[in-house]
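The values are calculated or read from the model by the stated rules, or taken from the named source; none is laboratory data. The structure presented is a predicted model; accordingly, all values stated were derived computationally and were not measured. Every residue, glycine among them, receives a Cβ derived from its backbone with ideal geometry; neighbour counts consider all protein chains shown.
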Amino acid sequence: IAPFKLEEASLDPLIVIYHNAISDKEIEQIIQVSKPMLKRSMVGESFSKEVSNERTSQNAWLADYDFELVKVLSLRTEDMTGLDRKSYESLQVNNYGIGGFYLPHFDWVRTNGTEEPYKDMGLGNRIATLMYYLSDVEQGGATVFPQIGVGVFPKKGSAIFWYNLLPDGTGDERTLHGACPVLLGSKWVANKWIHQYHQEFRRPCDLHPNHW
């Protein structure tokens, strides 16, 4: 699916909406393979995940090497973002039913400066997020960024992208975001989280956080 149609939801921080990023047929396949694998969503890093009242949804993880379509989406994500797919996580598919929500949170991990974020992956912090919307939502379900007053409503086939880290590698506090409760209908999304390592030439670091 190319060329991509872009819409800027925010310039600073940059939040981009890609329209027609994934086809109805691809969405149907992703949801079909995900349904038998859905489990209650957890929060935290890999070795310390737990069920939390901050998030009410079900999710499934789909790896590139298990599903050809997921590999295709990784290649497409690389085309869209320009970020190397060697540092991508598996595709996380989420389903929110009536009342499903996710309280405001960061996709990046705050550290004390000595510990490595997502140590078990060895890929550094999450530099960026790309989220595919796999369904429309009749009422509710918006992705909101409360620090900057931006909200994006789910539109089937679109995707939303933003950087989680500033150019110097520190977390961008403005990327605090959450999922508003689904009031009517069902919400399906697929997250592709992208890590720092292997991006040195795609998005070089800068000693100054505000230099873009």
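A few comments on the model shown:
- Note on the range 133-169: residues that are in contact with a helix residue (DSSP H, G or I) (Cβ under 8 Å, 6 or more places away or on another chain) and not small (Gly, Ala, Ser) total 9.
- Screening Phe106 with (1) within 14 Å of the chain's Cα centre (by Cα); (2) under 18 Å from Pro154 (Cβ atoms); (3) of a type in the set (Phe, Trp, Tyr) gives one miss only, at (2).
- Across the range 76-119, the qualifying residues are those that are hydrophobic (A, V, I, L, M, F, W, C) and touching a helix residue (DSSP H, G or I) at 6+ places or on another chain (Cβ under 9 Å), and the one among them that is nearest to Gly169 (Cα to Cα) is Trp108.
- For beta carbons closer than 7 Å, sequence separation of 6+ or different chains, a first residue in the range 40-60 that is closer than 21 Å to Lys119 by Cα and surrounded by 15 or more Cβ atoms within 10 Å (Cβ to Cβ) and a second that is at pLDDT below 70 and among the acidic types (Asp, Glu), the qualifying pairs are Val43/Glu50.
- Within the range 41-74, being outside any loop (DSSP other than H, G, I, E, B), more than 17 Å from the chain's Cα centre (by Cα) and at pLDDT below 95 holds for Phe47, Ser48, Glu50, Val51.
- Sole residue being among the hydrophobic types (A, V, I, L, M, F, W, C), within 18 Å of Asp12 (Cβ to Cβ) and surrounded by fewer than 19 Cβ atoms within 10 Å (Cβ to Cβ), chosen from Val152, Val144, Val109: Val144
- Test: Ala9 is in a strand (DSSP E or B), in contact with a helix residue (DSSP H, G or I) (Cβ under 8 Å, 6 or more places away or on another chain), under 22 Å from Tyr102 (Cβ atoms) and modelled with pLDDT of 95 or more: no
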